[in-house]
Amino acid sequence: SLGNYSNRQRFGNLMANVRSELAYNLNRPNLDKGLATTKYGNGSTEISYTRFGKGAFLKRHVDEHHEELKGVEGWAKPTRRSVSWLIYLNDQDWDGRKEGGQLRCFKRQQNPHGRIGATVNGDLQVGWLAKTSLDPNERPVYLDSKRHYHGDCAMYVLNEDGRSKSYITKAFDTNPLMYVAGSEALVKKVLLSDRKDLADRFRLIEAPKSKITDILKGDSQYAGQGEPPKLDEELEDVDPRGGTLVLFDSVSLPHEVLATKNKDRWACSGWYHEDQQEVVL
């Protein structure tokens with residue numbers, strides 16, 4: 001086989017240990033059990049080598065979406081991404097101001113209150129309720145999909161006990177409401193029309209995009225110079241210095257890769273998975 005087998009085995013063992021540490025310290029027990037721990041072999045992590053040549057970039061996105069928002073195949077896969085990771089393989093003195101290639105993260109200005117990404121039972125996060133003077137906590141919004149085929153869905157937040165739910169919408173079909181550009185405004189108008197207090201607070205993690213959206217924003221000419229933060233966000237740029245390990249939630253953190261300028265940017269990257277919640281027929 002290609003490469004150094006013994007080094008790949010050692011790396012797999014290391015990543016398996018990291019998986020177990022994350023499962024314990026993030027209180028994500030499903031990271032360390034089930035099909036997700038064996039599907040991708042030793043270390044069981046989706047993994048690839050990535051090379052960005054001069055001028056290459058990756059536009060803003062998130063690494064995982066709720067099953068209801070991934071089309072007809074959304075519930076077909078047995079696992080889903082939970083934690084994204086990168087190990088940079090460049091020189092240790094890489095200077096992002098000169099060479100570009102930074103990972104740009106769009107963080108929330110306010111630290112969220114409660115579990116981010118997914119609930120214990122596997123409902124994935126789709127948005128936020130921004131803080132207010134009456135509620136100083138920014139709260140993750142999750143999507144409960146009871147029938148698992150784009151119908152009978154509802155959004156909710158977790159109560160202070162971290163388990164019981166408070167629904168903020170009635171049941172609705174995700175398609176087409178949450179599949180089109182402008183879906184955040186549609187959610188506010190259609191689902192939260194009688195709750196202006198919640199509509200004013202609601203933000204999607206990452207709204208669907210279209211070519212028309214790109215044209216209106218001027219993104220058709222975008223060359224990886226870096227997007228500005230949206231309302232309630234702040235930027236954190238990470239230089240791809242060799243040996244740096246980056247970990248972040250696959251569902252809730254929008255990010256992009258800024259254009260490289262003068263030399264290739266190398267990384268080993270991947271995703272730890274969790275088993276997808278069971279489909280109840």
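The values are calculated or read from the model by the stated rules, or taken from the named source; none is laboratory data. This is a predicted model, so every value here is computed, not measured. Every residue, glycine as well, gets a Cβ built from its backbone with ideal geometry; the counts of neighbours run over all protein chains shown. Surface areas here come from the heavy atoms of the whole protein model, side chains and all, with no ligands, DNA or RNA. Shrake-Rupley method; radii C 1.70, N 1.55, O 1.52, S 1.80 Å.
Observations
- Rolling a 1.4 Å probe across all protein chains gives Lys33 an accessible area of roughly 110 Å².
- Heavy-atom accessible surface of segment 118-167, averaged per residue, reaches 43 Å², computed with a 1.4 Å probe.
- Residue-count net charge about Val246 - beta-carbon cut-off 14 Å; Lys, Arg +1, Asp, Glu -1: -2
- The solvent-accessible area of Glu236, taken with every protein chain present and a 1.4 Å probe, is close to 80 Å².
- Within the shell of other residues whose beta carbon sits under 12 angstrom from the beta carbon of Ser20, the net charge comes to +1, with Lys and Arg scored +1 and Asp and Glu -1.
- Extension gain, Asn4 back to Val190 (0.36 nm per residue minus Cα-Cα distance, nm): 61.4 nm
- Computed helical MRE - 222 nm, the chain, DSSP H runs ≥ 4 contributing -39500 (n - 2.57), nearest 500: -4000 deg cm²/dmol
- Measuring against 26 Å, Cα to Cα, the residue pairs Lys70/Lys188; Lys165/Lys209; Lys209/Lys230; Lys33/Lys131; Lys39/Lys70; Lys196/Lys230 contain Lys165/Lys209; Lys33/Lys131 as the ones spanning a longer distance.
- Computed over protein heavy atoms with a 1.4 Å probe, the accessible surface of segment 217-265 works out to 47 Å² per residue.
- Charge dipole magnitude, Cβ of K and R +1, D and E -1 - segment 87-183, Cα centre, debye nearest 20: 220 debye
- Size of electric dipole in the chain: Cβ of Lys, Arg +1 and of Asp, Glu -1, about Cα centre, debye, nearest 20: 400 debye
- Listed candidates (i) 47, 22, 16; (ii) 32, 25, 17; (iii) 39, 22, 19 - label of the one calculated as semi-axes √(5λ) of the Cα gyration tensor in Å: (ii)
- In this view, the solvent-accessible surface of Val126, computed with a 1.4 Å probe and all protein chains in place, comes to about 10 Å².
- R0 of 30 Å, Cβ-Cβ distance Ser20-Ser164: FRET efficiency to nearest 0.05: 0.55
- Accessible surface of the chain, 1.4 Å probe: 54 percent of it comes from carbon and sulfur atoms.
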